[in-house]
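Let me begin by presenting the structure, written as structure tokens, before commenting on it.
The values are calculated or read from the model by the stated rules, or taken from the named source; none is laboratory data. Everything numeric here is computed off the predicted structure, so don't read it as measured data. Backbone-built Cβ (ideal geometry, glycine too); neighbour counts: all protein chains shown. Note: areas computed on protein heavy atoms with side chains; ligands, DNA, RNA excluded. Shrake-Rupley method; radii C 1.70, N 1.55, O 1.52, S 1.80 Å.
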Amino acid sequence: MRILVVEDDDNLAAQMTAQLKEAGYSVDHAPDGEEGHFLGDTEPYDAIILDLGLPVMDGATVLRKWRAEGRAMPVLILTARDTWGDKVDGLDAGADDYLTKPFVMEELLARLRALIRRSAGQASAQLVVGPVQLDTRNGRVTVNGSSIKLTAQEFKLLSYLMHHEGKVVSRTELTEHIYEQDFDRDSNTIEVFINRVRKKLDVPVIQTVRGLGYRLEWEDDTPRD
Ligand code: CA
């Protein structure tokens, strides 16, 4: 899952970026509204954290432009003051949720998880596909109840597939949602990661859809012996 942070306060941006990476997200940062708008318009983010008070272009304008351009990704706005006017303005501009500064990082992470989950059509924080479970609250992955250790990249890949259970996901889509903007992307490495994750899970939940990509699903009628 890939997040964009649009925030001009360097300290806060660094703090959010560190926490988000720790929680298993790929993170890009824009320090002003113009760059933020450009990135949100051109890169496929799973969610965006948008400060309202930004240089060059304010957050509400950025958000209105995205929505007018048909960008539907979930957006959480940060408001500097506890004034109802800012929140109403932001929500009317197309925000999905808001937080008032100062906030506790845990709350930001929880709201983000809920936004990403809802936009992917998942109701529960615990994603379950057959014997595979992924707890989005702590990043724990289990197969038939046993914990599986995944690297950061392997986790990002599995998390994206679990959020989009049953849908065909192309290599390009996976690449765009697990790597950060500056990363030297090579979609061939996706196959390597897929094979590692398959080996670690050791249950046939990741199907290859020839010429199209991958699909994560559990077929109950899979013959077993
Ligand atoms: Ca600001």
Please state which one of Leu50, Leu4, Leu115 is within 13 Å of the ligand (Cβ to nearest atom), at pLDDT 95 or above and either closer than 21 Å to His177 by Cα or aliphatic (A, V, I, L, M) (or both).
-> Leu50
Among the residues of segment 84-102, how many are open to solvent by less than 40 Å² (accessible area, probe 1.4 Å) and of a type outside the set (Asp, Glu)?
-> 8
Of all residues in segment 65-88, count the ones that are under 19 Å from the mean Cα position of the chain (by Cα) and within 14 Å of Gly53 (Cβ to Cβ).
-> 2
How about segment 54-83: which of its residues are open to solvent by 50 Å² or more (accessible area, probe 1.4 Å) and in a loop (DSSP other than H, G, I, E, B)?
-> Pro55, Val56, Asp58, Glu69, Gly70, Arg71, Ala72, Ala80, Arg81, Asp82, Thr83
Residue list for segment 7-29, filter: more than 12 Å from the ligand (Cβ to nearest atom) and either within 17 Å of Gly90 (Cα to Cα) or aliphatic (A, V, I, L, M) (or both) | Ala14, Met16, Ala18, Leu20, Ala23, Val27
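Specify the residue that is nearest to the chain's Cα centre (by Cα); the eligible residues are those in segment 30-47 that are within 16 Å of the ligand (Cβ to nearest atom) and of a type in the set (D, E, K, R). Before the answer, list the steps.
To start, the set of residues in segment 30-47 that are within 16 Å of the ligand (Cβ to nearest atom) comprises 30-37.
Add one more test, that the residue is of a type in the set (D, E, K, R), and what stays is 32, 34-35.
Numbers: Asp32: 21, Glu34: 22, Glu35: 19 Å.
Among those that are within 16 Å of the ligand (Cβ to nearest atom) and of a type in the set (D, E, K, R), it is Glu35.
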When segment 42-93 is examined, which residues are found to be under 14 Å from Asp32 (Cα atoms) and among the small types (Gly, Ala, Ser)?
-> Gly53, Gly59, Ala60
Subset of segment 53-70, residues away from the ligand (no atom under 14 Å from the Cβ) and charged (D, E, K, R), comes to Arg64, Lys65, Arg67, Glu69
Any pair with Cβ under 7 angstrom, 6 or more apart, that starts in segment 53-81 at a residue that is more than 15 Å from Thr42 (Cβ to Cβ) and ends at one that is more than 16 Å from the ligand (Cβ to nearest atom) and of a type in the set (Lys, Arg) = Leu76/Arg111
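Only strands (runs of 3 or more DSSP E) wholly contained in segment 122-199 count here; list those with 2 or more residues that are surrounded by 15 or more Cβ atoms within 10 Å (Cβ to Cβ). Break it down into steps so the answer makes sense when it comes.
Working: elements: 126-129, 132-135, 140-143, 146-148.
Once the strands (runs of 3 or more DSSP E) in segment 122-199 are filtered for at least 2 residues that are surrounded by 15 or more Cβ atoms within 10 Å (Cβ to Cβ), what remains is 126-129, 132-135, 140-143.
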